[in-house]
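Below is one structure, written out as structure tokens, with a few remarks after it.
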Amino acid sequence: MKNKFQTWTAVTVITVLFACDNKSGQINYLEETPVVATRTLIDGEEMIELDPALLKDTVVIPLSYFTEELQIIKLDGKDEALTGAPYAYVSDNYIMTGMSGNTPFKLFDRQGNYLANVGSIGQGPGEYRSVYAAKIDEASQRIYMLPFFGSQLLAYDFEGKACPSIPLAHERVVGKFALRGDTLLVLASPQPKNFTSCVWTQDLDGNLIHEFPTERLDFDFRGVTVVSNQNEDKHVDLSFWLPNARLDSLYEVNLEKGKLIPRFTAHFKGDALKPHMYGELPGYFVGEAMGQWWQSTEDKDGNIQQRLAGDAPAYYIVDKQTLKGAFYAIENDFLGGERLENPLALEDGCYTTCLDPGELSDQLEKALRSDRLSEQLRKHLTKVQADITENDNNYILYAKLKQR
């Protein structure tokens with residue numbers, strides 16, 4: 001446990017890139033790759049269709065190509081601030097770490113200072129046992145959480161205290177959500193036996209505003225994962241991970257037209273059709289040709305059970321403008337080129353991870369052995385590593401995505 005007399009550095013911002021000629025953002029890492037997709041019109045709307053058979057070599061793209069500078073934020077070391085969470089949410093002024101075991105969500109400012117526990121783990125009002133999606137919404141000064149199989153969106157203020165929850169227009173929801181002022185957009189796993197649409201808008205009192213037609217989404221919801229990267233400023237994306245493979249699309253949720261518009265699909269043929277998912281980055285569509293996922297089910301006592309299913313993943317990327325593409329990997333060039341385990345894990349407009357001090361120290365040790373670091377960056381990383389102790393709280397690594 002951290003001694004109260006120990007000091008800690010609140011935030012270290014690494015702004016120097018290395019081994020990267022992309023400071024102006026002009027490098028096209030897909031320039032030498034083939035055209036792998038075509039454009040087509042569906043009900044007057046443009047959709048890009050990928051032919052996976054045309055994907056050839058693997059292109060390695062530095063994280064700095066997609067993001068602005070990397071920040072390493074050391075979280076407050078007070079006993080009440082300690083967290084073992086492997087993930088976090090970051091807004092303009094706040095950081096919220098996820099739950100871990102019996103440790104609830106915790107709120108910090110952007111300098112890493114501890115502010116409060118956010119709610120608590122349990123089954124009572126305002127409490128949670130498992131959360132599928134969460135957001136920090138500074139516009140409404142609220143933190144929102146959507147539990148697994150939830151019937152309401154839990155709400156908390158920035159002191160971590162429970163506020164009146166938002167009743168959902170449909171119950172037993174597993175999904176993502178987005179807020180547009182006083183309008184809540186819910187993106188749920190299809191459950192045709194329980195409600196007519198899995199995508200809808202409502203007000204914050206639970207009154208249904210609009211249900212998006214989802215007649216084509218007639219698959220069983222069991223094992224389905226809702227995917228919504230929400231990396232583009234202008235629209236919300238939606239796709240699904242389907243354990244029973246079938247052809248499907250990534251959709252734009254068009255609030256003005258009140259419909260789901262298919263924007264990207266991959267035509268897997270024959271035995272190549274495996275469980276898969278789609279995602280979106282500013283300027284690109286991305287996907288997983290096959291892969292592993294955590295399959296979640298609910299037991300008779302209401303507890304969430306998870307198991308790993310699927311095959312080893314293969315990731316691909318397609319330029320929205322040129323339609324060139326390839327298999328791809330992302331390397332964290334800020335830390336010596338370590339490859340991201342899941343290049344699709346760039347969500348809510350940023351790259352974010354939460355590491356315990358041992359994990360970060362190991363990553364820094366590998367990075368400092370790299371011959372690709374600039375001297376200035378090497379000094380930054382050396383200082384960060386020297387300040388790490390085994391009794392530290394977790395560290396946040398954060399980089400905001402560039403909008404193209």
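Each residue, Asp137 and Lys383, gets one label point 7 Å from its Cα in the Cβ direction; the gap between the two is 3.9 nm. Normalised per residue, the accessible area of the chain is 46 Å², obtained with a 1.4 Å probe and no contribution from ligands, DNA or RNA. Using the Cβ of Asp237 as centre and a radius below 11 Å, the other residues enclosed give a net charge of -1, where K and R count +1 and D and E count -1. Overall, the ratio between the Cα radius of gyration of region 68-214 and 2.2 N^0.38 Å, rounded to two decimals, is 1.08. Spacing of the modelled spin labels on Asp301 and Leu340, each 7 Å from Cα toward Cβ, amounts to 3.7 nm. Only protein heavy atoms count here; on that basis, with a 1.4 Å probe, Phe149 has an accessible area of about 40 Å². The distance between label points at Glu69 and Glu45 comes to 4.0 nm (points 7 Å beyond Cα on the Cα→Cβ vector).
Quick check: from the Cα gyration tensor, does region 21-131 come out rounded (a/c under 1.5), prolate or oblate? Because a/c hits 1.5 or more and a/b exceeds b/c, region 21-131 counts as prolate. Accessible area ranking (1.4 Å probe, heavy atoms, ligands and nucleic acids excluded), largest first, for Met145, Met277: Met277, Met145. Taking the DSSP beta bridges with both ends in the chain, the antiparallel portion is around 90 percent. Between Ala37, Ala134, Ala345, where does the largest GNM mean-square fluctuation fall for the chain, given springs only between Cα atoms within less than 10 Å? The residue that fluctuates most here is Ala345. Of all the options Gln111, Gln321, Gln141, the one that moves most in a Gaussian network model of the chain with Cα springs shorter than 10 angstrom is Gln321. Local charge for Asp205 was computed over the other residues whose Cβ lies under 15 Å away, with Lys and Arg +1 and Asp and Glu -1, and equals -1. Computed over the chain, the per-residue total of -39500 (n - 2.57) for DSSP H runs of n ≥ 4 gives a 222 nm mean residue ellipticity of -2000 deg cm²/dmol, rounded to 500. The distance separating the Cα centre of region 369-404 from that of region 103-141 comes to 26 Å. The alpha-carbon positions of the chain define a convex hull whose volume is 146 Å³ per residue. What is the sum of charges around Lys400, taking Lys and Arg as +1, Asp and Glu as -1, for the other residues whose C-beta is under 11 Å from the C-beta of Lys400? Neighbour charge sum, excluding Lys400 itself: -3. Figure note: Tyr351, Tyr278 ranked by solvent-accessible area, largest first, 1.4 Å probe, ligands and nucleic acids not counted: Tyr351, Tyr278. Hey, any idea what % of the chain's accessible area is carbon plus sulfur with a 1.4 Å probe? Using a 1.4 Å probe with all protein chains present, the chain comes out at 46 percent carbon and sulfur.
The values are calculated or read from the model by the stated rules, or taken from the named source; none is laboratory data. Model, not experiment: these values are computed from the prediction. All Cβ positions, even for glycine, are placed from backbone atoms using ideal geometry, and neighbour counts span all protein chains on display. With ligands, DNA and RNA removed, areas are computed over all heavy atoms of the protein, side chains included. Shrake-Rupley method; radii C 1.70, N 1.55, O 1.52, S 1.80 Å.
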